[in-house]
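Student: The structure is given below, and queries will be raised subsequently.
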Amino acid sequence: MSLDAPQGHIGFTLNGAEITVPADPTARLSEVLRERAGARDVKVGCNAGDCGACTVLLDGAPVCACMIAAGQAQGCEIETQAGLVARDRDAERLAQSFQRHQAAQCGICTPGMMVSAVALLRSGEALTEDSVSDALGGVLCRCTGYRKIIAAVLDASTTAPLAEGGIGAPIARLDGWPKVNGSERFGDDVAPADALTVQVIRAPFHRASFRFGDLEAFRKENALELILTAQNVPGENRFGVIPGFEDQPVFAEGETRFRGEAVAAVIGNREALAAMGRFPVTWEELPSVLTPEGADTAALLHEDRAANVMCRGYVARGNAAEAMGRAAHVVSGDFSTGFIEHGYIEPEAASARRVGDRIEVQCCTQAPFMNRDGIAGIMGLAPEQVRILPTATGGGFGSKLDLTAQPYVALAAWILNRPVRLAYTRTESIATSTKRHPSQVHMEIGADAEGRISAVRFDGVFNTGAYASWGPTVANRVPIHASGPYKTPNYEAKSAGIHTNTAPAGAFRGFGVPQSAVAQEQLYDLLAEKLNMDRLAFRRLNCLGNGDPTVTGQVFETGMGIDACFDALKPHWDKALAEAEAFNATNTAKKRGVGIAAGWYGCGNTSISNPSTIRAGITPEGTLCLHQGAVDIGQGANTVIAQIFAEALGVPVGQITILGPDTDITPDAGKTSASRQTYISGNAARLCGAALRAKILRLGNVSEEATITLEDGGITLSDAGTTVRVELEPSEGYAIEAVESYDPPTTPLDENGQGDPYAVFGTAAQICELEVDMALGTVRLLRIVAAHDVGRAINPLLVEGQIEGGVAQGIGLALMEEFLPGRTENLHDYLIPTIGDVPPIESLVIESGDAHGPYGAKGLGEHCLIPTAPAVLNAIAHATGARVHHLPATPDTVRAAIRAAGTGT
Amino acid sequence: MPLHRPESLSAALELLQGGRAVALAGGTDLYPALRDGTPPPEMVDLTRVDGLRGISRSETGWRIGGATTWTQVLKADLPPLFNGLKAAAREVGSVQIQNTGTVAGNLCNASPAADGVPALLALDAEVELAAPSGTRRMPLGDFITGPRATHLAPGEILTALLIPEADGRGAFFKLGARRYLVISIAMVSAVVETEGDAIKSARLAVGACSPVARRLPALEAALAGKTISQAGQAALTYDYPELSPIDDVRAGAGYRREAVATLVARAIGQAALTDKEVPHVA
């Protein structure tokens, strides 16, 4: 050690300030920066150099702080995102460019991205897409699809102003500046300095029985504050998300059902946990089943679920068997996909403190009210005794709907009456959080001689893992969507969710629909080939139009815009086909291909009530407050909901102060899931804005046309040349307020799945252009063109951001991702796309309106990735003549398909 | 939890005697291997040891200090002989990892998929190992004995890589399932010297297809005198008895064996024919 710092301390320059902090010199620099130096803009996503979120500049060079010994930084100059933006003019301009391009969505990777980009900007190297990609290749992002990040870095030197405006304007994220200046606070960033830490004890086997040793003796020997097991759960030791399917224990009792399941938790200070001996538990491994094959005869995971079938789904219309028999052309096939990990860069994190007879939990989440009620049930408290304070959420994509870290911190803080924190490790996150369901699909499609779809039969088996989570939703949704957005007069679709000894499969962007689209859209290509029809023309011929019944018999008289999506893609399709043909005429080692696929998705819950409530008020001082409980996990609800509300009220967006989310002050806006926030919470915001406007106009006795201007202590109303000032009366709360709710009009489905499951469907179609190395089976994506009917784009830049991020996740699903329990539990064995794996994406935004959506807007989040994987697979087949049935299409899988097809060398 | 930061080799060696302290350089293997656990109680940081960092040239060859980072390799002014090593440096993890990860660390960690090993094998690199009793040298091919196993004795430091001067040009291909931050399915490095249209000598090495990256001596011998195109054909038909690829989460053994042949053929062509920057193939 240098003599410059006192014993047990490390001195360095942090963002220009010379500081000395008490620190273990072998500790990770990331931990010391966060916990000792207060630099919580340094994010920890993996502790292994796999994600780059902890990137800082060490003497000017970007490094992962998680792999630097703190003592190695002695005497060095360290710069982090917050310091750079505050002190460096180039970094500040970069931050503005990130805002302008919406290059930050959730914001968790933004520190790593921006710090890496500053190093590039300082290097003087020419800025090109390649140099930006090389410089940022070590930082993973799961939200953006990277394209807007590349654009923002390339554009970093300009100082163009941000866009302004209401509905339809590409304004910057209202909550964006903290994400780009380093002040945003995520799940683990808000943990109190004096909080104790939780460590969860988890099962090492897929299935096991277990016995504890002397826990109290262990607690004392190791200076722990508390050990929690099932015995310490005062309420129900189980939770879940679907009524009737709450089957997951906080702590397993007697037997564990998947590798990584919790049996106990230890609570102590960090030093005690680091020095802790082996936890006294003995395991006996039991026979397990990891796939639906054999699950029917395996030991039951849940006694009341015969043959390990969690539930089934069914939709039937017409007579599929009879129509299939009469079809002129029939194609069929088997397709499968694996477990997909959400891979958000922020692992699950929560902290809790007890306040009298209430418990307050701060956490990253997509569903604060569901979390509140779940915690209350576990703790035996009334829901009102639980307060959920969502932090910024560093990506969710479905998995942060379910409870993860929250029950442990809540229980411990309640019992100890001290603040408690828990951040999952990356391995803990991947091993135990919910996943996309693995699927095995058999599908058969028939068409008449003219190419009109006459019949579809679909049978999908989904591995739902050890617990139900959102499995029933997948089982219900898939049969409704497996036809794709096409006229299908005779249809029979079955689904089953099967329990196995794996991590629970739950909600993940699309709820099973991306998996069914992999089968359906590939078979559509095979059918078009049989019919000798152009693949786009075949889809255009069969797509749903206004007035056509869906497979549940639902008819949309307006807003079914898939035909417009295909029409918008047509010129791109023709050009891409011609370019591929020209390339292939002169190349043999590499072949190019073009693929197309479509998708659709019903917004909101299936055939059940799922209302949102939005509240707003004006204080006596004239401050306009929007109680916005629709959690923004990066998708943009804070901006979209405010834009809608501002439009309805008739004020500029900039006058709104957003409050929440916080279950104490924001009404329940439902969960951020199922592409429901823009549509459902957006409608609540529209109604709330309109109600508030009506109240204000009444106070001034002016017409509907009046202009509202908020001022100090009053409101000025201008109407047809006259001006009225309304004084705001002093009051405890708001001088004027409004609360409004919206619940989508749906109907229950009958025994054949017939009815109106959703009030709004969004549709999309995408083209993929790619190049395959025929000898190696490697795939290089060249371009994606994505046409999306969003009804009305409330914020076109946010729409593009959703599309690009969804496409990137679809690319991962198609080409590289597969979670294998016990084997790919980190971010170097579980691969998600890097900045070099996402090609240019051109978004074609279709605005066909909608009968129910706010200002005609539909949801969008899930739709974006549904067509991507099948479009990629169809392009691979077009390039190579080889079709991949079982994902992911890794190089060896593609090469094997080429060999099987006999089209390579 | 002491972290020693010696500035002389003798001090570093002294600190490492007794087997208590763990050697630390870039930390890019050491910290991830902790799997979120606590660091070793005592470490010796080798990155400030005098003479351990940097690349120098002598009359007989090149010396790469053990603590030289991959970024330093990438930025060094080196002849085309090193094109493969530079391409490998570019493929090590990410910029962040290249900025701290060291050449010696990559070798001592001895992963079957270590990005640096095939290129260094093809360069006939020797390792220089220092102990309090003196230094010894050993061919790199002998130094690494298996997955995570080397001849590095307790208390010894890998101080340098020694690379004999030679004519010829290097090439390197890494095959992975994504563009950045990827562990190899297979890697191939070649150093080829040509005379007219014919190959005068070829040195070939393959990584991630055997417990330790391997040279291909029989194929190398067979290539002498062949044209580039004949050499490519020979690579495609060679049966690679040196390799023993396995099935893992990244690819199957059969695919690896087949892909290696393609990559060797391409690497020979790349090394022999062009001075363009080595493209990425995966």
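Student: Being in a loop (DSSP other than H, G, I, E, B), surrounded by fewer than 24 Cβ atoms within 10 Å (Cβ to Cβ) and either among the basic types (Lys, Arg) or touching a residue at least 24 places away in the same chain (Cβ under 8 Å) (or both) narrows it down to one of A:Thr558, A:Thr552, so name that one.
Tutor: When all the criteria are applied, what remains is A:Thr558.
Student: Consider A:Arg780 carefully, then state whether it is within 14 Å of chain B (Cβ to nearest Cβ) and either buried (at least 24 other Cβ atoms within 10 Å of the Cβ) or over 20 Å from the mean Cα position of the chain (by Cα) (or both).
Tutor: So A:Arg780 fits the description; yes.
Student: Scan the stretch A:614-634 residue by residue and report those that are touching a helix residue (DSSP H, G or I) at 6+ places or on another chain (Cβ under 6 Å) and polar (S, T, N, Q).
Tutor: Hit for the stretch A:614-634 is A:Gln628, nothing else.
Student: What do you reckon, is A:Val56 facing chain B (nearest Cβ under 10 Å), touching a residue at least 12 places away in the same chain (Cβ under 8 Å), β-branched (Val, Ile, Thr) and part of a strand (DSSP E or B)?
Tutor: yes
Student: If a residue must be at negative phi, small (Gly, Ala, Ser) and in contact with a strand residue (DSSP E or B) (Cβ under 9 Å, 6 or more places away or on another chain), how many such residues does the stretch A:547-581 contain?
Tutor: 5
Student: Also, I was wondering about something else. Taking only pairs six or more apart or across chains, which ones have beta-carbon atoms under 6 Å, a first residue in the stretch B:20-38 that is touching a residue at least 40 places away in the same chain (Cβ under 8 Å), and a second residue that is in a loop (DSSP other than H, G, I, E, B)?
Tutor: The qualifying pairs are B:Ala23/B:Leu46; B:Ala25/B:Leu46; B:Ala25/B:Thr47; B:Ala25/B:Ala67; B:Gly26/B:Gly101; B:Gly27/A:Ile68; B:Thr28/A:Gly49; B:Thr28/B:Gly101.
Student: Across the stretch B:220-266, what is the number of residues that are more than 13 Å from chain A (Cβ to nearest Cβ) and buried (at least 23 other Cβ atoms within 10 Å of the Cβ)?
Tutor: Adding up the residues that qualify gives 2.
Student: Tell me which residues, restricted to the stretch A:352-394, are in a strand (DSSP E or B) and touching a helix residue (DSSP H, G or I) at 6+ places or on another chain (Cβ under 7 Å).
Tutor: A:Ala352, A:Arg353, A:Arg354, A:Arg358, A:Ile359, A:Val361, A:Cys363, A:Val386, A:Ile388, A:Pro390, listed by residue number.
Student: State yes or no: is A:Asp574 in a helix (DSSP H, G or I), more than 30 Å from the chain's Cα centre (by Cα) and without any contact (Cβ under 8 Å) to a residue 24 or more places away in the chain?
Tutor: yes
Student: Going through the stretch A:118-137 one residue at a time, which ones are within 14 Å of another protein chain (Cβ to nearest Cβ), within 27 Å of A:Leu782 (Cβ to Cβ) and touching a Leu at 6+ places or on another chain (Cβ under 6 Å)?
Tutor: Within the stretch A:118-137, just A:Ala135 meets the criteria.
Student: Between A:Glu771, A:Glu804, A:Glu751, which is modelled with pLDDT of 95 or more and within 14 Å of another protein chain (Cβ to nearest Cβ)?
Tutor: A:Glu771
Student: Answer yes if at least one residue in the stretch A:265-286 is buried (at least 22 other Cβ atoms within 10 Å of the Cβ) and not in a strand (DSSP E or B), and no otherwise.
Tutor: Within the stretch A:265-286, not a single residue is buried (at least 22 other Cβ atoms within 10 Å of the Cβ) and not in a strand (DSSP E or B).
Student: Just to be sure, is A:Met114 closer than 30 Å to A:Ser429 by Cα, crowded, with 24+ Cβ neighbours inside 10 Å and without any contact (Cβ under 8 Å) to a residue 60 or more places away in the chain?
Tutor: no
Student: Another question, then. Restricting the search to the stretch A:268-299, which residues are over 30 Å from A:Asp459 (Cα atoms) and without any contact (Cβ under 8 Å) to a residue 12 or more places away in the chain?
Tutor: A:Glu271, A:Ala274, A:Arg278
Student: In the stretch A:185-216, how many residues are of a type in the set (Asp, Glu) and either within 26 Å of the chain's Cα centre (by Cα) or closer than 21 Å to A:Val42 by Cα (or both)?
Tutor: 3
Student: Separate question: For the stretch A:310-333, which positions are closer than 30 Å to A:Ala466 by Cβ and either crowded, with 18+ Cβ neighbours inside 10 Å or free of Cβ contacts under 8 Å to residues at least 40 places away in the same chain (or both)?
Tutor: A:Met310, A:Cys311, A:Gly313, A:Val315
Student: In addition: Go through (1) in the same structural domain as A:Asp175 (by TED's automatic domain parsing); (2) crowded, with 24+ Cβ neighbours inside 10 Å for A:Gln72 and report which single condition fails.
Tutor: (1)
The values are calculated or read from the model by the stated rules, or taken from the named source; none is laboratory data. Only a predicted model underlies this, so the values are computations on that prediction, with no experimental measurement involved. Don't worry about glycine lacking a Cβ; one is built from the backbone with ideal geometry, like all the others, and counts go over all protein chains shown.
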